[in-house]
Amino acid sequence: MSRLEIILSAITFISILFNVGIFLYARTTVIQLLSVSEELGDLQEMVNSFAGHLESVYELESFYGDETLSALLSHAISFNEQLETFEYIYSLTQDENQPQQDPKTEEPPVQNE
């Protein structure tokens with residue numbers, strides 16, 4: 001083998017190692033992103049459920065007009081709206097055909113067949 005062949009073989013070997021390393025890094029990063037996306041989606045669902053439950057409690061006759069519950073309800077709604085700014089992240093793991101849940105109710109919407 002000539003010196004040029006040895007140098008080219010070494011460069012090829014280093015290039016292959018570098019490409020494998022980049023591939024493994026990218027794969028790990030995508031897996032972590034999808035995990036964060038799923039967790040944010042779960043958090044959004046919990047906040048939607050909490051806001052809906054709080055609204056239904058606030059509308060009960062015994063609690064209607066309570067200032068503390070009213071402030072808590074407005075805080076929950078603003079928190080929910082703030083979480084919706086991250087929709088582009090948690091929508092990565094949602095199925096395209098899966099219907100979106102109405103944030104004011106705990107029941108999923110009815111699908112037309």
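Answer yes if at least one residue in the range 10-29 is aliphatic (A, V, I, L, M) and in contact (Cβ under 8 Å) with a residue 40 or more places away in the chain, and no otherwise. Spell out how you get there, then give the answer.
First, the residues of the range 10-29 that are aliphatic (A, V, I, L, M): 10-11, 14, 16-17, 20, 22, 24, 26.
In the following step, the residues that additionally are in contact (Cβ under 8 Å) with a residue 40 or more places away in the chain were identified as none.
Taking every residue of the range 10-29 in turn, none turns out to be aliphatic (A, V, I, L, M) and in contact (Cβ under 8 Å) with a residue 40 or more places away in the chain.
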What single numbered condition from (1) aromatic (Phe, Trp, Tyr); (2) touching an Asp or Glu at 6+ places or on another chain (Cβ under 8 Å); (3) under 23 Å from Leu92 (Cα atoms) fails to hold for Tyr58?
(3)
Which pairs turn up if I take residues in the range 68-90 that are touching a residue at least 12 places away in the same chain (Cβ under 8 Å) and look for partners that are of a type in the set (Ser, Thr, Tyr) and part of a helix (DSSP H, G or I) with beta carbon separation below 6 Å, at least 6 apart in sequence or on another chain?
Leu69/Tyr58; Leu73/Tyr58; Ile89/Ser37; Tyr90/Ser37
Counting only residues that are loosely packed, with under 15 Cβ neighbours inside 10 Å and touching a helix residue (DSSP H, G or I) at 6+ places or on another chain (Cβ under 7 Å), how many does the range 73-88 have?
1
Qualifying residue in the range 40-57 (condition: more than 26 Å from Phe86 (Cβ to Cβ) and either in a helix (DSSP H, G or I) or without any contact (Cβ under 8 Å) to a residue 40 or more places away in the chain (or both))
yes
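Values in this text are rule-based calculations from the coordinates and carry no lab data. For clarity, every value in this text was computed on a predicted model and none was experimentally measured. Ideal geometry is used to build each Cβ from the backbone, glycine not excepted, and the neighbour counts take in all protein chains shown.
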